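Enquirer: Before I ask anything, let me first share the structure, which is written out below as structure tokens.
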Amino acid sequence: MPIEWVTSPPEPALELLDTGVRARAGAVLVGPAGVGKTWLAATAAERLAPRFPRVDRVVATAPRAAVPFAAVSHLLDSLDLGDIPDVGQSSDVLRAARESLGDGRLLVVDDAHLLDRLSAALMYQLAISGAARLILTASPDEAATEEVAALWSGDLLERIEVHPPGHNDDRLAAMVGEFVAELPADARLVLEYLAVDDPLPVAELAALAGESALAGAEAAGAVEVGGSWVRPAHPLFVDAVRTALGGPDLRRLRTHLVEHRIRHRPAGHRGAVARLRLAVLASDSDAPLPPDEVLLAAREALRLGDPVLSERLAGEALDRATGLAARITLGYALAWQGRGREADAVLGEVDPATLSETELMSWALPRAANQFWMLSEPERATAFLRTTRGRVSTPTARVTLDALSATFAMNAGNPARALQTAEEVLASPAAGDTAVGWAAAAAALSSARIGRFADVDAFAERAIAAGHPGLLRFTSGFGQTTTLVLAGEPDRAHELARGLTDMAQLQHPGRSIGEVLVADVLIAKGELDAAVRLLRRAAAALSPTGYSWGPLAWMLLASALGQLGAPLDAGKALARAESRHGLKSMLFAPELAVARAWTTWARGDAHGAIAAARDAVRSAERSGQYAVAVRVLLDAVRLGDKRAAEAADRMRDHADCALGQVVTSYAHALVSADADALRDVATQLTAIGMTRAAADATARATAG
């Protein structure tokens, strides 16, 4: 029976779509299935096409939502998404994909609520950067992931509700079910295969169901054939088929499809997305792939930034064929999800005495990192690293272990030693890219916090050039933003931090770490409400992980809330910071003391606040973090510490910078109660964008 679709009239939806594309990053049509969203999007795209260099269509489907980049792989033929040398490079792949598609084109995305996470992250980056315009269709009844929901939350896209009078979901479902049931069996078989994987190549579907079946399904209006691909004429058709079939029949069809692809797959390279899709299909079928192929897919999922899928596939490979490579991949996948105990258990099953030196390094590095950060056992990790170093003989292996030890030393609160070790690594001809990435990133942040500002950018650039930045890009980036704030250029620091965050947007934990960097700059500028919004989200997201950025997020949140005069909320944040702080985050001990100072101030204890601020200064000086001491001294002076002038004078010999000069003037003006000097300080602070600190100085000048 023909289906009586109740569709939405073209106006005002088309006009609103045009407005969204012109005035915003695009528009999203939100409404139930069957109301004509796809037709509206296509019509709008046809009208708008002359304004764009090209228009492309993306169709997200339920069977492919689990595979990274599955929705957009047809647009990225020029990119080899699986040709990535090391784990931790998903941001590089995402950046390359963004550059490939970011040419000002218009992208029409059907059923965006079904996008895989990386395709959604790519769409978000294209939209927020203005590199492309989007027209999306989405269902309001489907639960969307955070990455997908971000596309139409806020003001990024014009949201257009589509729900025509007379539309009834139950009535439509009944009509669709009747339509599917009345199809000839062979035509229905075509839809059944599409319920397993959508879309499917014409040749593949013809071989599985028969050419006459495919022709009959097309003639009946059940499927559409476009180019070399077959899609259901409406997603509701395959939804109805999927519901009617049930699990066992879907598994049988999935097995047939996997067996066909194994028999007919082309020789040589097939592409990462195709390999991942086959591995996912096979894992839910009775035609499993060989363990080495499953492991390869698990590695590719990890490289593309999907640790959940990697865990699933690596676990399958390990269950069927125990091996070091599977354990390492599974260990990474678990650790990246913040499941350090499980990762340590998986890696702990290995006997290092049975490993070659290359195998020992492949196993020891992730295990040491997991112990240090995810398990919060820095002493154990450091001892393990020393033991491992005694077992290796090649200079490359030793220098790589030294590079990791430099990051350990920095996080443990000894940036001077970290810098010394890092410079030795960077001077070694045996240092590979991994060692250079770790060492240069640690050197950038250590230099910034010590006060060696002139070296920071060079170290950061060398870390990036090593091709192994990963999350280390935020380490070196923090060094750069710290340097810019101390140079009296917080606006540039803000721009740099936002750039890092946008680069990793929707890629946890990179996004959350980037937000911590942005919030740190916002606090310096005095934009506390914006900082709090970012830090609440980032702190919650980072809490399940073992990264030292998590405690820092809580510290900064407590400081911001304290300055806003919210003692209860500041106290809660401070308690979380203190409970999560330890040797792995000792680098940020001064920030913790500052958080105590502002929380104490918010409670009305001015003397206690000054005492805590002095502790922060002493903590920074003891650890050689003279640049950090300058920032801390600004807080101390704002809190009314008249003894801060002496410490500010000392900092001139260690961290000579624009902010240090202002802080010294501020401290001496406070001691002398010189109103004119305080007003001059306020002017200087305003000039460098630190408005809240400037307001404090003005208030003190006025108070006399």
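The values are calculated or read from the model by the stated rules, or taken from the named source; none is laboratory data. Since we're looking at a predicted model, the values are computed, not measured. For neighbour counting, all protein chains shown are included, and Cβ atoms are generated from backbone atoms with ideal geometry for every residue, glycine included.
Enquirer: Can we say residue 606 is buried (at least 21 other Cβ atoms within 10 Å of the Cβ) and of a type outside the set (Ser, Thr, Tyr)?
Expert: So residue 606 does not fit the description; no.
Enquirer: Let me ask something additional. Need the failing condition index for residue 105 against (1) under 21 Å from residue 33 (Cα atoms); (2) modelled with pLDDT of 90 or more; (3) surrounded by fewer than 22 Cβ atoms within 10 Å (Cβ to Cβ); (4) not aliphatic (A, V, I, L, M), just the number.
Expert: All conditions pass for residue 105, except number (1).
Enquirer: Can you go through 298, 364, 333, 282 and tell me which one is without any contact (Cβ under 8 Å) to a residue 40 or more places away in the chain, assigned to a helix (DSSP H, G or I) and out of contact with any Asp or Glu (no Cβ under 9 Å at 6 or more places or on another chain)?
Expert: 364
Enquirer: For the list (1) closer than 17 Å to residue 271 by Cβ; (2) of a type in the set (A, V, I, L, M); (3) at pLDDT below 90, I need the number of the one condition that residue 65 fails.
Expert: Failing condition for residue 65: (1).
Enquirer: What do you reckon, is residue 522 at pLDDT 90 or above, within 20 Å of residue 442 (Cα to Cα) and more than 17 Å from the chain's Cα centre (by Cα)?
Expert: Judged against the criteria, residue 522 is not a match.
Enquirer: Identify, please: which residue in the stretch 617-644 is surrounded by 22 or more Cβ atoms within 10 Å (Cβ to Cβ) and among the small types (Gly, Ala, Ser) and is, among those, nearest to the chain's Cα centre (by Cα)?
Expert: 627
Enquirer: Taking the stretch 542-553 only, how many residues are surrounded by fewer than 24 Cβ atoms within 10 Å (Cβ to Cβ) and under 14 Å from residue 573 (Cα atoms)?
Expert: 1
Enquirer: Can you name the residue in the stretch 34-73 that is over 24 Å from the mean Cα position of the chain (by Cα) and of a type in the set (Lys, Arg) and is also surrounded by the fewest Cβ atoms within 10 Å (Cβ to Cβ) among such residues?
Expert: Step by step, filter the stretch 34-73, then rank; the result is 54.
Enquirer: What number of residues within the stretch 15-72 are in a loop (DSSP other than H, G, I, E, B) and of a type in the set (A, V, I, L, M, F, W, C)?
Expert: The number of residues fulfilling the criteria is 12.
Enquirer: Report yes if some residue within the stretch 622-633 is modelled with pLDDT of 95 or more and hydroxyl-bearing (Ser, Thr, Tyr); otherwise report no.
Expert: There is at least one residue in the stretch 622-633 that is modelled with pLDDT of 95 or more and hydroxyl-bearing (Ser, Thr, Tyr).
Enquirer: To continue, here is another question. Which number in (1) over 31 Å from the mean Cα position of the chain (by Cα); (2) surrounded by 24 or more Cβ atoms within 10 Å (Cβ to Cβ) marks the one condition that residue 614 misses?
Expert: It is condition (2) that residue 614 fails.
Enquirer: Go through (1) touching a helix residue (DSSP H, G or I) at 6+ places or on another chain (Cβ under 9 Å); (2) farther than 16 Å from residue 21 by Cβ; (3) small (Gly, Ala, Ser) for residue 166 and report which single condition fails.
Expert: (1)
Enquirer: Answer yes or no as to whether residue 293 is without any contact (Cβ under 8 Å) to a residue 24 or more places away in the chain and either crowded, with 24+ Cβ neighbours inside 10 Å or among the charged types (D, E, K, R) (or both).
Expert: yes
Enquirer: Can residue 289 be described as in contact with a helix residue (DSSP H, G or I) (Cβ under 9 Å, 6 or more places away or on another chain), under 19 Å from residue 197 (Cα atoms) and outside any helix (DSSP H, G or I)?
Expert: yes
Enquirer: Let me ask another. Report, by residue number, each residue of the stretch 582-603 that is surrounded by fewer than 24 Cβ atoms within 10 Å (Cβ to Cβ) and basic (Lys, Arg).
Expert: Hit for the stretch 582-603 is 603, nothing else.
Enquirer: Follow-up question, since we're still on this one. With the requirement that a residue be under 24 Å from residue 471 (Cα atoms), in contact (Cβ under 8 Å) with a residue 60 or more places away in the chain and not in a loop (DSSP other than H, G, I, E, B), what does the stretch 545-569 give you?
Expert: 549
Enquirer: Among (1) under 22 Å from residue 302 (Cβ atoms); (2) among the polar types (S, T, N, Q); (3) modelled with pLDDT of 90 or more, which single condition is residue 137 missing?
Expert: (1)
Enquirer: May I pose another question? Could you tell me which of the residues 277, 251, 263, 320 is of a type outside the set (Val, Ile, Thr) and either touching a strand residue (DSSP E or B) at 6+ places or on another chain (Cβ under 8 Å) or crowded, with 19+ Cβ neighbours inside 10 Å (or both)?
Expert: Unique residue meeting the criteria: 277.
Enquirer: Of (1) modelled with pLDDT under 85; (2) surrounded by fewer than 16 Cβ atoms within 10 Å (Cβ to Cβ), residue 76 satisfies all except one. Which?
Expert: Result: residue 76 fails condition (2) only.
Table: residues versus (1) without any contact (Cβ under 8 Å) to a residue 40 or more places away in the chain; (2) closer than 30 Å to residue 512 by Cβ; (3) buried (at least 24 other Cβ atoms within 10 Å of the Cβ).
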position	(1), (2), (3)
312	yes, yes, no
345	yes, yes, no
352	yes, no, no
360	yes, no, no
371	yes, yes, yes
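Enquirer: A further question follows. Within the stretch 384-400, restricting attention to residues that are surrounded by 20 or more Cβ atoms within 10 Å (Cβ to Cβ) and either without any contact (Cβ under 8 Å) to a residue 24 or more places away in the chain or closer than 19 Å to residue 373 by Cβ (or both), which residue is nearest to the chain's Cα centre (by Cα)?
Expert: 400
Enquirer: Kindly check whether there is at least one residue in the stretch 475-498 that is touching a residue at least 24 places away in the same chain (Cβ under 8 Å) and within 13 Å of the chain's Cα centre (by Cα).
Expert: No: zero hits.
Enquirer: Here's something else I'd like to know. In this structure, is residue 641 of a type in the set (D, E, K, R), assigned by TED's automatic domain parsing to the domain that holds residue 587 and either touching a Pro at 6+ places or on another chain (Cβ under 7 Å) or modelled with pLDDT of 95 or more (or both)?
Expert: Answer is yes for this residue.
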